Each structure stands twice: as C-alpha cells, then as structure tokens.
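Encoded as structure tokens, the structure appears first; notes follow it.
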Amino acid sequence: MRDFSADHRWLSLNTATLRKQGDLLEIIDACARHGIRAIDPWRDQVAAVGLDRAARAVRDAGLDLTGYCRGGMFVADAAHRTEARDDNRRAVDEAKALGAPCIVLVVGGLPQYSRPGSVLSRDIAGARAQVDDAIAEMMEYAKQANMPLAVEPLHPTYAADRACVNTTKQALDICDRLDPRRTGALGVALDVYHIWWDPELLPQIARAGKDRLLAFHVCDWLVPTKDVLNDRGMMGDGVIDIKSVRAAVEAQGFAGYSEIEIFSEGWWAKPMDEVLRTCIERHRTVV
C-alpha cells in the first residue's frame, strides 16, 4: 500500500466538501493554494459558473479530475424517462468537456424521489430492473464519447430516495450483466461511507479487480450520526477502518487518488482553508 504520510500527492477533493463556502472557481483557487492536484466537481456547481469557465479554470490550474458528479437518478415513471435519458446524455457531454475520467452514477431509488412528479411506486424490484435498462442505454451514448460510467452503491438508508443499488455486489452484478467482457465502459465508484459495514466488502473488492475500480472516496461514519445525508465525518473522527479498505483496493492495482467527499453541516460552517488543512492532515495520517 502506498505511503501517504509525507505528502498529499494522491488527495483529490470532491467539491461538495466545500459546497457552502464558495463557488467552483473559488474552490479551485483554494485547492491551488494548498497544493491539491485533483478535484471531482458537481454538475450544479459547474452550471453555476458555466461549463466553459469551469473547464478553463480546471485547465489553467493544471488539475486532474477524478470523476464528475453525478449522473443517474434513472428511475422514473413513463412520463419522465425521456427527461432522465436526456439529462444523463448532457452529463456525458459535460464530463467530456471537462476532461473527467468517468461519471459517477447515483442510480436513483423509487420514481417519486428520483424524478419528482413521477407516479407513486413502492416497487423496488421494478426500480432496480429499470436501472439496468437505463444504464445500458446510457452506455451506448457514453461509449461514443469514450466516457466510462462508475456505479456508486449507496448505504441501504438511501434505497428509497437516492439509490436502490446498495452493495458492492449489486453494483458489480450490474457491471457483469452489461459489460461482461470488461471493456472499461462500466465500473464502480466505492465510497467508504456507504460500504464500510458490508461483510462481503473485501471479497467483492477482489472480484472487482483493477479494471472495475474507477474511483475511491473517503470520509468517516460518526457515532451517533445525526443526519445520514449531511453529517458525514472527517476521516479519523468516526469508526471506519479506512486504511484497510484502501489496502484492499490497492491490492487489486488501484493507484489513483483518494477522493475526500464530506457532506457535513458542521464542516460547511468552517472556513475553507481550515477544512482543506484538516483534509490534508487526515489524508496523511488516517487515509
């Protein structure tokens, strides 16, 4: 496993971590001040400053991208499925313009939450079937742009509203069904916040192998957690054995960035530079 203690060369910042402190251009400037070499921007943050300005700022700062957040939210009633398809095609176009290596997919839960206005449903099995179909359709468009798709399994608490794919096994099953030849078009984004609890995690990481591991996200699970969406912990403040998970993905050949993604009202209330200094320190000591 790589030694991160001497520097933060392999730290990437998911820009949601500083969502409340500044816009994307200000976040990019802050990353440059702190010697952070990579980011993963969110679509709404890109839209707020404009795609062309965002792409230029990334290039001017010499930043790598570790993904683009996010595509997905596929599940919808019949009246809203074209909307979902077109939105995901726009995500592919944006990711290509920015130079992202992949699009992170949060697949959606039940239709009324994934695509507001959809008819009420409690059919989670149907939602999961629709996810397969929608990813297959998106892959055809993404292949034309040479843009890999990274399915992110989310913690089961999000099954209804954000993602009905909740384990690494489920995500890899989708990959195997839709890309059995492992062409590089489809893989997974693994976030320790969502997967740390899974007793099958380590064998599933081994199953993934290097070619399926497209992104690796870190933060921590606090006890107690006050809000499962917006009370993520800074690495080292919770109960996740982050190093063991990183060791498992690196044992498969993953050699990319460890991307810090923290949704936290507490950390959003702190100054931008304080957050980044803490991220760097914890990346060296905990990740």
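Would you please give the FRET efficiency between ALA48 and ASN230, computed as 1/(1 + (r/R0)^6) with r the Cβ-Cβ distance and R0 = 22 Å, to the nearest 0.05? Rounded to the nearest 0.05, the efficiency is 0.70.
Lys and Arg at +1, Asp and Glu at -1: add these up for the other residues within a Cβ distance under 14 Å of VAL228 and post the number.
Numbers: positive: ARG162, LYS226, ARG232; negative: ASP161, ASP191, ASP220, ASP227, ASP231, GLU265.
Every neighbour counted, the sum reads -3.
Cross-link pairs exceeding 29 Å in C-alpha to C-alpha distance, out of LYS20/LYS96; LYS20/LYS226; LYS96/LYS226, comprise LYS96/LYS226.
Hey, if you put +1 on the Cβ of every Lys and Arg and -1 on every Asp and Glu Cβ in the stretch 11-285, which of GLY253, PHE216, LEU13 ends up farthest toward the positive end of that dipole? Towards the positive end, the residue furthest out is GLY253.
Run the numbers for GLN144 and ARG85: contour at 0.36 nm per residue of separation, minus the present Cα-Cα distance, in nm. Walk me through the intermediate numbers first.
On the way: separation 59, 0.36 × 59 = 21.24 nm, distance 1.53 nm.
Length gained, GLN144 through ARG85: 19.7 nm.
Candidate cross-link partners of LYS169 among the lysines, defined by an alpha-carbon separation under 19 Å and a same-chain spacing of 8 or more, comprise LYS210.
Figure the gain on full extension for SER5 and GLU200 (residue separation times 0.36 nm, minus the Cα-Cα span) and round it to one decimal in nm. Don't skip to the answer; put the middle values down first.
Values: separation 195, 0.36 × 195 = 70.20 nm, distance 2.90 nm.
Contour length minus the Cα-Cα distance gives 67.3 nm.
Using only side-chain charges placed at the Cβ, +1 for Lys and Arg and -1 for Asp and Glu, the dipole size of the stretch 11-285 relative to its Cα centre rounds to 380 debye.
Read-outs throughout are calculated quantities, based only on the coordinates presented, and are distinct from any laboratory measurement. Note that the coordinates shown come from a computational prediction; the quantities given were computed from them, not determined experimentally. For neighbour counting, all protein chains shown are included, and Cβ atoms are generated from backbone atoms with ideal geometry for every residue, glycine included.
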